[in-house]
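Each value in this text was obtained by applying a stated rule to the coordinates, not by laboratory testing. Only a predicted model underlies this, so the values are computations on that prediction, with no experimental measurement involved. Note that we place each Cβ from the backbone using ideal geometry, even for glycine, and neighbour counts take in every protein chain shown.
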Amino acid sequence: MSTAVIGTSSDRVDGHRKVTGGAHYAADYALENLAYGVPVLSTTGKGRIVSIDASAARQAPGFIAIITRENSPKLKAPANDFGSWTKLGEARILFADDEIHYVGQYLALVVGETLEQAIAAAALVSVKTVDQAPATSMDGAMDAAYKPKGDDFGPVEYKRGDVSQQTGVAFTVEGSYVTPIEHHNPMEPSATIARWDDEKLTLYDATQWVMGARNCMADMFGIPREDVHIISEFVGGGFGCKGFVWPHQALAAVAAKIVSRPVKIALSRPMMFTGCGHRPETRQKITLAADAQGKLLSLKQEVLSETSPVDEYTEKCGVATPHLYACPNVQVTQRLVPVNIATPTPMRAPGESPGLFAIESALDELAFNMKLDPVELRLRNYAAQDPARKLPYSSKYLRECYAQGVERMGWADRSAKPGTTRDGRYWVGYGMATATYPGYRMEGAALVRLHANGRASVASATQDIGGGTYTTMAQVAAETLGLPLGMIDPALGDSRLPPAPVSGGSMTTASVTPAVKLASEDAIKKIVQLAQETKGSVLFNQKARAANGRVSSFDGAISMTFADVLKAAGLEMIQGDARAKPGKEQGQYSFHSFGAQFVKVRVDPDLGRVHVMRIVSVFDVGRVINPKTARSQALGGIIQGIGMALMEQTHYDHRNGAPVTASLADYLVPVNADIQSIEPTFLNIPDPYISSMGARGIGEIAITGVAPAIANAVFNATGKRVRELPITIERLLD
Ligand code: MOS
């Protein structure tokens, strides 16, 4: 029996449940006696609450309670750092004071018998405020710009060499690049159902981080962490907006405590535009200089990004810059501008996505100015080792990515002269960019159980936010145990399982699958031992080993199924456990994924409409556990990149800072008609150092480089360089 399942395109093991309605997302749990919470949101951009009048709401049918700062238990502040797994989406604690900092801030919650009754009653709540003039764009708030402190992921700013040095400079490029506020818009809006059983709290929650939610809730309510149980079996996408803990999660728990019933808060689509973060606006000034051969001499990146008045979120546009190319003089600076808009948060490849838009666009400008092929320019600046850490990469095959992309896109036939390629009345252009994302890994734990019915289960407190974690966990367990994939039952999304990190930073596969492998090996060791020690076993006191899902004698003459061993021993199951963590290799190698994005666009010369006709992407992410789910991840990331390049932008009413495109009708994302041929591939070369599995993450790299590759293709098609996203018709015709 062949049991090679790692590296095969298995269908999602949870696919059947998902398409038949058997998968429960957070809002789907029909708890007994469930009440519905509907928040009262600030319509004031800045000010203070004077009074909240709920007298009319109290008379409304089905009204149960109104929760405000007055009757809420006072919540404690958790440590709020990533390292201790207590990261809040917004540092300001729910109901901290009467101050209002942005439109959409939670001022109160109305709890009703039904959702409709709660909505109706909440509409009757009248909030009196004293208003001040809010700053709703960076333009009006530059005086308040400040230098970020840095965060758990390291410093924001960076310097090596001296970017002002001029020796040998033959070409320079200077440009300012802007990316707008974008929202994650996962298909499943955030939702939380909170239930208290005495002093113990259960949350059915849409989260990318059950352990982070558990720790934050416990610390805020001042109860032992073991007394908080987070359940998040299925998550309909996150992209970062469900990574940290947001006020609605605390609000549901506060309400459930006050009304002594389970309370559900399900964010509406408009609430998703203020309640769980966004990618902040960024403005980057790039100054680069190269010698006559195109070798970079200096690269300077000055970044401005917005944050909120109640937290410090830094969109680290310079995060990839030190590692990207071999360049002796590099400087990244950043300032934050607080505006009265809800707090930003990581969104798919935070930092890299806008950062690479600027740098990879500027490199395209350099290549054009010096009449050098854009791929050749990047090869001339290839970093064979990490120029920032001065360490070898654990594995890097970016050259192969470029070469494969060049070949498959037919890049050699591209005309470097803008506006010279036609398809009927359309202009055609080709562009490319580098993609990159770090290969993060954190400690993760898992358990594997062999059952007397012949099945095996694998479990970890990780999450499957759509990437396919259920399936990859099952694949690794199946192959390691030697059992067919169909015999494995994976469980995750439950804080009582062995702890695993956030499903963010593309680290789930790299962190969790090594633990699954070790736990499977531990289970095998135990079942072999059990066979040898059990009197009724045919392998009693014999040398034995496991192979192909059985325990057998060394010569293979006698063998037993795992189930038979358990039956002989009178046991229902045996459990293997493991924790897997990164080790000294972290100090010896630099872990980064790379890729190349090649784009063909067609532009309507009269209407300025851009259609992305083809994207060829080649990624080096180490070993690919499941090519089918990996491809889906890549498709999603690339399509999100098309949205970033051409459509996505949240617009605000600058009188109060209210988002005015807070629906999927007004906030544009690509639809099927926008998507033509997308052809991602993976080199699938195992990373020898990241872990025993050789797999780095794939969730985020696919979006990186897409927007600049499209902007570069648009330039190639039209001769028009658009440095502000999205590339809309009006910007192109301007
Ligand atoms: Mo991601 S933006 O780390 O969920």
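Only lysines eight or more places from residue 517 in sequence, or on another chain, were considered; those with a Cα closer than 19 Å are 525, 526, 581.
Since only 657, 13, 194 are under comparison, the one whose Cα sits farthest along the positive direction of the charge dipole of the chain, derived from C-beta charges on Lys, Arg, Asp and Glu, is 13.
Before anything else, pin down the relative contact order of segment 102-257: Cα pairs under 8 Å, at least 6 apart, normalised by residue count, whole percent.
Values: 135 pairs, mean separation 32.2, N = 156.
This gives 21 percent for segment 102-257.
Using Cβ point charges alone (K and R +1, D and E -1), the dipole size of the chain about the Cα centre works out to roughly 1300 debye.
The residue 147 and residue 663 beta-carbon pair, evaluated with R₀ = 45 Å, returns a calculated FRET efficiency of approximately 0.80.
Over all pairs of different C-alpha atoms, segment 153-211 has a mean inverse distance whose reciprocal, the Kirkwood radius, equals 18.3 Å. When +1 charges are put on Lys and Arg Cβ atoms and -1 charges on Asp and Glu Cβ atoms, the dipole computed for segment 1-153 relative to its Cα centre reaches about 160 debye. Starting from one equal scatterer on each C-alpha and no solvent at all, send me the Debye-based log10 I(q)/I(0) for segment 45-87 at q = 0.27, 0.28 Å⁻¹, two decimals. Taking Cα atoms of segment 45-87 as identical point scatterers yields -0.99, -1.01. When the alpha carbon coordinates of segment 29-103 are projected onto the principal axes, the ranges are 46, 38, 21 Å, largest first.
Dividing the helix sum by the residues of the chain, where each DSSP H run of 4 or more adds -39500 (n - 2.57), gives a mean residue ellipticity at 222 nm of -7000 deg cm²/dmol.
Here the Karplus relation 6.51 cos²θ - 1.76 cosθ + 1.60, evaluated at θ = phi - 60°, turns the backbone of segment 719-724 into coupling constants of x, 9, 9, 9, 9, 10 Hz, with x for every Gly and Pro. Return the Rg/Rh ratio of the chain with Cα-based radii and a Kirkwood Rh. So for the chain, dividing Rg by the Kirkwood Rh gives 1.00. Pair-distance distribution P(r) for segment 590-691, from all Cα-Cα distances in 10 Å bins starting at 0: 13, 34, 27, 19, 7, 1 percent. Given their separation in residues at 0.36 nm each and the Cα-Cα distance between them, residue 379 and residue 572 gain 63.6 nm when the chain is fully extended. By the Cβ rule of 4.7 Å, the chain holds the following cysteines without a possible disulfide partner: 216, 317, 327, 401. Spin-label pair residue 226-residue 56: with each label point 7 Å from Cα along the Cα-Cβ axis, the two points sit 5.1 nm from one another.
Only helices at least 30 Å long along their axis, Cα-based, and averaging -0.5 or more on Kyte-Doolittle count here, so list those DSSP H runs from the chain.
508-533
Sequentially through segment 72-80, phi angles give Karplus couplings (6.51, -1.76, 1.60; θ = phi - 60°) of 6, x, 6, 8, 8, 7, x, 4, 6 Hz, Gly and Pro residues having no value and appearing as x. Exposed loop sites are taken as GluC sites (Glu not before Pro) in a DSSP loop (any state but H, G, I, E or B) with at most 12 other beta carbon atoms within 10 Å; the longest stretch of the chain without one runs 200-571.
Cα-Cα pairs above 22 Å in segment 400-487: how many percent? Walk me through the numbers on the way to the answer.
Values: 2224 of 3828 pairs.
Result: 58 percent of Cα pairs exceed 22 Å.
Please report the net charge: other residues with Cβ closer than 14 Å to the Cβ of residue 451, K and R +1, D and E -1. Display every interim value, and only then the final one.
Working: positive: 449, 455, 526, 567; negative: 489, 564, 572.
That works out to +1.
Subtracting the Cα-Cα distance from 0.36 nm times the residue separation, let me have the gained length for residue 413 to residue 30 in nm, one decimal. Numbers along the way, then the final one.
Values: separation 383, 0.36 × 383 = 137.88 nm, distance 5.92 nm.
Gain in length upon complete extension: 132.0 nm.
Rounded, prolate or oblate: which fits segment 1-159, taking a ≥ b ≥ c as square roots of the Cα gyration tensor eigenvalues, rounded meaning a/c under 1.5, else prolate when a/b beats b/c? Since a/c reaches 1.5 but b/c is at least a/b, the shape of segment 1-159 is classed as oblate. Take the alpha carbon atoms of segment 146-182, find their center, do the same for segment 521-540, and report the distance between the two centers in whole angstrom. Answer, in whole Å: 60. Put simply, the convex hull of the Cα atoms in segment 425-469 casts, on average, a shadow of 7.6 nm². Counting pairwise Cα distances across segment 346-499, what percent come out greater than 19 angstrom? Value for segment 346-499: 71 percent of Cα pairs lie more than 19 Å apart.
Can you tell me the FRET efficiency between residue 584 and residue 157 if r is taken as the Cβ-Cβ distance and R0 is 41 Å, rounded to the nearest 0.05? Before the final figure, lay out the partial values.
Working: r = 28 Å, r/R0 = 0.68.
Once the sixth-power term is evaluated, E becomes 0.90.
Seen through its C-alpha gyration tensor, with square-root eigenvalues sorted a ≥ b ≥ c, segment 640-697 comes out oblate because a/c lies at 1.5 or above while a/b is not bigger than b/c.
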